[in-house]
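Structure first, commentary second.
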């Protein structure tokens, strides 16, 4: 899953990213303007949003997200232990609220709850294409009822392919969603990980789901194709 961390204190932002990147792909934004640009350009599963941004406070930014029909889960961060501020944040559309300093374990737990709740709204935690199954909460992947062990990037890549089954995904699109936004577009990291994924998902089986669209990118075939 890919999260956007909106935080203007850069040292804190990088430290928090290092803690969370074990479980999530984290993009950073250091201002409200940058956060608006990134949410328009990229798809995120959730947002960690600091209230005290230099150009626009997080409460106003959260309202703008909701007014623009951006409904991903949002956790607000603030240094203020003020109940009126908490109420204002939740009324603006935030799903949760944490006061700094906090324990990373608590933030991680709250993220899991919100992301699980959001996936339940989408009716199921499980993505299913043919005999390939991926559980976005338990991170379990099977094909033909056989467990398949994937590394973190392989799992994120398969999730992105399955969420967009039948659609052409260019290398740049895959880089933007599965890797940090600043990864060099000329790298062959996408092709390398597609090979790793094929070796596990497709190679042992007769039907091949991951297709190369030569000169353009990749797509995952639907079960009917």
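The values are calculated or read from the model by the stated rules, or taken from the named source; none is laboratory data. Everything quoted here is computed from the prediction, not taken from an experiment. Glycine also receives a Cβ, built like all others from the backbone with ideal geometry; neighbour counts cover every protein chain displayed.
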Residues (surrounded by 15 or more Cβ atoms within 10 Å (Cβ to Cβ) and part of a helix (DSSP H, G or I)) located in the range 140-154: 153, 154
Of the criteria (1) at pLDDT 90 or above; (2) loosely packed, with under 12 Cβ neighbours inside 10 Å; (3) within 16 Å of the chain's Cα centre (by Cα), which one residue 134 fails: (2)
Lone unmet requirement of (1) assigned by TED's automatic domain parsing to the domain that holds residue 13; (2) in contact with a strand residue (DSSP E or B) (Cβ under 9 Å, 6 or more places away or on another chain); (3) within 22 Å of residue 16 (Cα to Cα) for residue 109: (2)
Counted residues, the range 1-38 - those being part of a loop (DSSP other than H, G, I, E, B) and touching a strand residue (DSSP E or B) at 6+ places or on another chain (Cβ under 6 Å): 2
Residue, surrounded by the fewest Cβ atoms within 10 Å (Cβ to Cβ), within the range 200-224, restricted to residues that are touching a helix residue (DSSP H, G or I) at 6+ places or on another chain (Cβ under 8 Å) and closer than 15 Å to residue 150 by Cβ: 200
Contacts under 7 angstrom Cβ, first residue in the range 101-125 being modelled with pLDDT under 85, partner part of a helix (DSSP H, G or I), 6 or more apart: 125/119
Exclusive hit being touching a residue at least 12 places away in the same chain (Cβ under 8 Å) and surrounded by fewer than 16 Cβ atoms within 10 Å (Cβ to Cβ), set 81, 88, 36: 81
Sole exception among (1) in a helix (DSSP H, G or I); (2) on the phi > 0 side of the Ramachandran plot for residue 93, by number: (1)
Flag for residue 53 being surrounded by 12 or more Cβ atoms within 10 Å (Cβ to Cβ), modelled with pLDDT of 90 or more and either under 30 Å from residue 207 (Cα atoms) or touching a helix residue (DSSP H, G or I) at 6+ places or on another chain (Cβ under 9 Å) (or both): yes
Within the range 186-199, considering residues that are closer than 13 Å to residue 148 by Cβ and in contact with a helix residue (DSSP H, G or I) (Cβ under 6 Å, 6 or more places away or on another chain), the one surrounded by the fewest Cβ atoms within 10 Å (Cβ to Cβ): 196
Some residue of the range 182-203 being in a loop (DSSP other than H, G, I, E, B) and modelled with pLDDT of 90 or more: yes
Yes/no for residue 101 being touching a helix residue (DSSP H, G or I) at 6+ places or on another chain (Cβ under 7 Å) and assigned by TED's automatic domain parsing to the domain that holds residue 39: no
Filter result (part of a helix (DSSP H, G or I) and either at pLDDT 90 or above or buried (at least 20 other Cβ atoms within 10 Å of the Cβ) (or both)) within the range 39-50: 39
